[in-house]
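In what follows, a structure is listed as structure tokens, so that the remarks can point back to it.
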Amino acid sequence: MRKGLVLEGGAMRGLWTAGITDVMMEHGVWPDGLIGVSAGAAFGCNYKSQQIGRAIRYNTRFAKDPRYSGMRSLLKTGNYFNADFGYHVIPTQYDVFDNDAFNSNPMEFIVVCTDVLTGKAVYKPLTIADNDCYDWIRASASMPLVSKVVKLQDRLLLDGGVADSIPLEYFESIGYDRNVVILTQPLGYQKSHNKLMPLMRISLRKYPNMLRAMDERHLMYNRQLEYVLQAEHEGRCLVIRPDEKIPIGHISHNPDEMRHVYDLGRIAGEQHIERIKEFYNI
């Protein structure tokens with residue numbers, strides 16, 4: 001049995017997920033592998049580095065810091081979340097990412113990005129914490145319209161949620177047969193067609209396959225919800241989802257709002273921790 005953890009994205013809704021994963025770490029729950037998409041990658045990396053509380057700590061500390069995020073960064077760098085400060089300065093100077101713990105932890109860690117040339121998902125295993133690792137995580141969380149395309153090796157990349165928002169099927173295909181899936185939308189949610197597609201067509205006009213993926217993202221996402229629900233009914237996965245809409249937008253500069261969402265995640269984590277242990281046979 002290979003125990004997997006699948007983390008959906010959702011931008012700042014990911015702080016709800018971070019509350020759950022912090023509780024899991026506190027209870028000694030260590031899956032064999034974790035796959036994260038967008039915020040699920042950006043916050044999920046702290047699971048492999050075993051840094052409880054790091055995601056909420058640096059987000060609240062820098063919530064109102066223009067070096068971290070905001071319109072000034074977007075206009076100056078093309079990224080609403082400043083790429084250099086957020087992914088290279090904070091983890092090396094202000095809230096140091098534990099590279100050694102990440103490197104020594106045998107847990108497999110995979111991030112999902114979208115290749116803008118093909119519109120297809122790229123699944124990148126990350127084993128060594130270095131600048132390339134940080135940039136792969138950044139690429140996974142780089143939302144269209146508010147992020148520049150990330151150039152890595154021979155790839156042009158953006159938000160992994162465009163091509164594979166809930167990568168349960170992929171994780172099963174590589175051998176993870178006992179998966180906990182943490183979603184950031186309540187049961188019954190259905191994604192609608194993106195109302196910002198006219199702007200996307202301007203911003204991503206050089207990348208027709210990416211535009212097609214964006215245009216069809218709601219269809220892909222809703223099919224994945226059906227797949228997860230079927231797997232849940234068959235007992236192949238355990239799904240943790242919020243009971244209602246998480247009270248935060250994609251972007252927030254309010255530390256109290258962030259803390260509230262994180263605390264709601266911790267409450268959910270405590271409510272479900274025994275189910276998670278039983279499912280993992282811990």
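The values are calculated or read from the model by the stated rules, or taken from the named source; none is laboratory data. In this text the structure is predicted, and so the values were computed from the model without any measurement. Backbone-built Cβ (ideal geometry, glycine too); neighbour counts: all protein chains shown. To get the accessible areas, we keep the full protein, side chains included, count just its heavy atoms, and leave off ligands, DNA and RNA. Shrake-Rupley method; radii C 1.70, N 1.55, O 1.52, S 1.80 Å.
With the charge dipole of the chain set up from +1 on Lys and Arg Cβ and -1 on Asp and Glu Cβ about the Cα centre, the Cα lying farthest toward the positive end among the listed residues Gly86, Met214, Tyr189 is that of Met214.
The alpha carbon radius of gyration of the range 113-236, expressed as a multiple of 2.2 N^0.38 Å, is 1.11. Using a probe of 1.4 angstrom and keeping all protein chains present, the accessible surface of the range 16-174 works out to 38 square angstrom per residue. Annotation: peptides 82-92, 113-123, 169-179, 98-108, ranked by per-residue average of other Cβ atoms within 10 Å with the highest first, follow the order 113-123, 82-92, 169-179, 98-108.
Please report the net charge: other residues with Cβ closer than 10 Å to the Cβ of Tyr280, K and R +1, D and E -1. Walk me through the numbers on the way to the answer.
Values: positive: Lys3, Arg178, Arg275, Lys277; negative: Asp32, Glu278.
Value of the local net charge: +2.
Working note: Cα gyration tensor of the chain, eigenvalues times five, square-rooted, sorted largest first, giving semi-axes of 26, 22, 19 Å. Hydrophobic long helices, here whole DSSP H runs in the chain with Kyte-Doolittle means of at least 0.0 and Cα atoms spread over 15 Å or more along the helix axis, are found at 14-26.
In the chain, what percent of the accessible surface is made up of carbon and sulfur (1.4 Å probe, ligands and nucleic acids excluded)? Accessible surface attributable to carbon and sulfur in the chain totals 50 percent.
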